[in-house]
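The values are calculated or read from the model by the stated rules, or taken from the named source; none is laboratory data. Just so you know, these numbers come straight off a predicted model, no measurement behind them. Ideal geometry is used to build each Cβ from the backbone, glycine not excepted, and the neighbour counts take in all protein chains shown.
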């Protein structure tokens with residue numbers, strides 16, 4: 001056992017000292033600049049611990065900031081300037097986020113598509129769906145099927161507009177990118193958009209971006225053994241760009257195949273080429289990330305951004321957080337399609353949020369069109385499905401400094417789900433609804 005058993009977090013909480021977290025932090029910074037050497041990350045972590053032990057007496061509880069200062073020193077001393085720069089940038093961004101969170105109501109955010117948000121709010125007020133109290137009143141009056149109809153109509157109208165905008169640029173387009181954070185509804189929206197564009201005479205060829213993942217052994221991992229698939233650096237961005245350029249030029253590429261069971265990628269497997277009047281269709285978390293398609297001219301790509309921009313106030317007077325909607329959606333989807341328990345999704349969500357705040361949300365303003373995929377009626381359905389679980393997680397994670405994120409989210413979502421009228425009957429929801437992607441029962445043959 002080393003000299004240190006505990007560290008002090010920024011909140012003042014004292015948690016067990018875990019050397020693996022240092023190695024993981026160094027490796028994550030290395031991955032962000034193209035490095036994939038885990039052994040080197042482990043060596044550097046050992047040097048950090050040696051410096052810690054040489055600097056502080058046995059039994060001392062170093063703070064997170066003290067450890068991070070030494071990490072920077074070791075990286076620079078060993079000539080890893082680019083990794084050190086990425087590590088420093090990450091620290092600064094984290095500090096800025098904490099400052100912004102502490103001043104939530106007076107700080108503007110580049111993560112929010114303001115114009116689209118205000119149009120969504122106007123729609124919610126017009127339909128008396130702008131608060132939990134309002135929707136509860138309508139549900140008690142028997143309006144749930146009508147609320148479903150109003151919400152679905154608003155979504156479908158947005159897709160009609162998106163299809164018209166894409167068609168107007170069809171002469172120069174080579175690819176359409178459907179992007180957005182986790183569980184924003186990309187799969188269903190992409191399918192329905194393709195249906196519309198086919199009717200307008202456009203042909204699409206899908207590119208499955210998941211096949212460009214690096215082998216699992218090269219992915220960052222935390223002290224709980226949780227792999228990070230959310231970062232764009234988990235993808236071979238260089239190979240993606242090479243293939244996009246060739247495809248845009250009408251050349252053939254051999255798309256790799258990624259086996260999720262073994263965590264292995266196999267190169268040059270499936271031939272792909274764009275024929276005449278065909279456009280590449282890409283459904284990806286990171287479609288707006290600049291490095292994803294940096295070699296493709298803007299004129300050749302149409303970027304669509306999706307997010308459930310629900311404009312509804314809770315009983316506490318605050319608007320329901322979009323991230324909480326997506327968390328619940330992913331819980332339901334993962335439990336069916338990935339054999340993940342909802343609790344596992346809750347514990348993994350800090351990775352999802354960390355990655356999307358850095359590499360997805362900041363680029364929403366670069367989209368050519370934004371689709372609000374929220375449905376005003378979805379929270380009542382979730383209350384019937386997950387309210388019990390969220391209530392159980394609160395006492396389970398209360399007081400655990402390593403699970404602060406899970407506890408905070410559980411408390412917030414529990415308050416929401418317990419305040420809304422639960423609806424267990426989802427029969428009014430259309431079989432082709434974007435919500436069926438999460439609650440099940442979709443009639444769409446999506447792949």
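Hey, among 353, 333, which residue is modelled with pLDDT of 90 or more and either part of a helix (DSSP H, G or I) or under 19 Å from residue 413 (Cα atoms) (or both)?
Exactly one residue qualifies, and that residue is 333.
Being out of contact with any helix residue (DSSP H, G or I) (no Cβ under 8 Å at 6 or more places or on another chain) and at pLDDT 95 or above narrows it down to one residue among 327, 309, 254, 239; which is it?
Working: 327 fails: out of contact with any helix residue (DSSP H, G or I) (no Cβ under 8 Å at 6 or more places or on another chain); 309 fails: out of contact with any helix residue (DSSP H, G or I) (no Cβ under 8 Å at 6 or more places or on another chain); 239 fails: out of contact with any helix residue (DSSP H, G or I) (no Cβ under 8 Å at 6 or more places or on another chain).
The conditions single out 254.
Do we find that residue 181 is surrounded by 17 or more Cβ atoms within 10 Å (Cβ to Cβ) and either at pLDDT below 95 or not assigned by TED's automatic domain parsing to the domain that holds residue 248 (or both) in this structure?
Against the criterion (surrounded by 17 or more Cβ atoms within 10 Å (Cβ to Cβ) and either at pLDDT below 95 or not assigned by TED's automatic domain parsing to the domain that holds residue 248 (or both)), residue 181 qualifies.
What's the total number of residues in the stretch 396-434 that are farther than 25 Å from residue 317 by Cα and in a helix (DSSP H, G or I)?
Result for the stretch 396-434: 5.
How many of the residues making up the stretch 157-178 are surrounded by fewer than 18 Cβ atoms within 10 Å (Cβ to Cβ), out of contact with any helix residue (DSSP H, G or I) (no Cβ under 6 Å at 6 or more places or on another chain), in contact (Cβ under 8 Å) with a residue 60 or more places away in the chain and not in a helix (DSSP H, G or I)?
Count: 2.
Quick check, is residue 54 surrounded by fewer than 19 Cβ atoms within 10 Å (Cβ to Cβ), in the same structural domain as residue 13 (by TED's automatic domain parsing) and either over 24 Å from residue 233 (Cβ atoms) or within 33 Å of the chain's Cα centre (by Cα) (or both)? Reasoning before the result, please.
Details: surrounded by fewer than 19 Cβ atoms within 10 Å (Cβ to Cβ): yes; in the same structural domain as residue 13 (by TED's automatic domain parsing): yes; either over 24 Å from residue 233 (Cβ atoms) or within 33 Å of the chain's Cα centre (by Cα) (or both): yes.
In short, yes.
Looking for whichever is farther than 23 Å from residue 215 by Cα and part of a helix (DSSP H, G or I) here; the options are 46, 61, 3. Which one fits?
46
With (1) buried (at least 19 other Cβ atoms within 10 Å of the Cβ); (2) within 17 Å of residue 353 (Cβ to Cβ) as the list, and residue 321 as the residue in question, which single condition is left unmet?
(1)
Residues that are farther than 30 Å from residue 125 by Cβ and not in a helix (DSSP H, G or I): does the stretch 308-326 have at least one? Before you say what the answer is, go through the steps one by one.
As a first pass, look at the stretch 308-326 and keep what is farther than 30 Å from residue 125 by Cβ: none.
Checked against the condition, which is being farther than 30 Å from residue 125 by Cβ and not in a helix (DSSP H, G or I), the stretch 308-326 yields no hits at all.
Determine if the stretch 138-148 includes at least one residue that is assigned to a helix (DSSP H, G or I) and either free of Cβ contacts under 8 Å to residues at least 40 places away in the same chain or more than 28 Å from residue 323 (Cα to Cα) (or both).
Yes, that holds for at least one residue.
Could you pull out the residue among 197, 267, 237, 281 that is in contact with a strand residue (DSSP E or B) (Cβ under 6 Å, 6 or more places away or on another chain) and buried (at least 17 other Cβ atoms within 10 Å of the Cβ)?
Within the list 197, 267, 237, 281, the selection yields 281.
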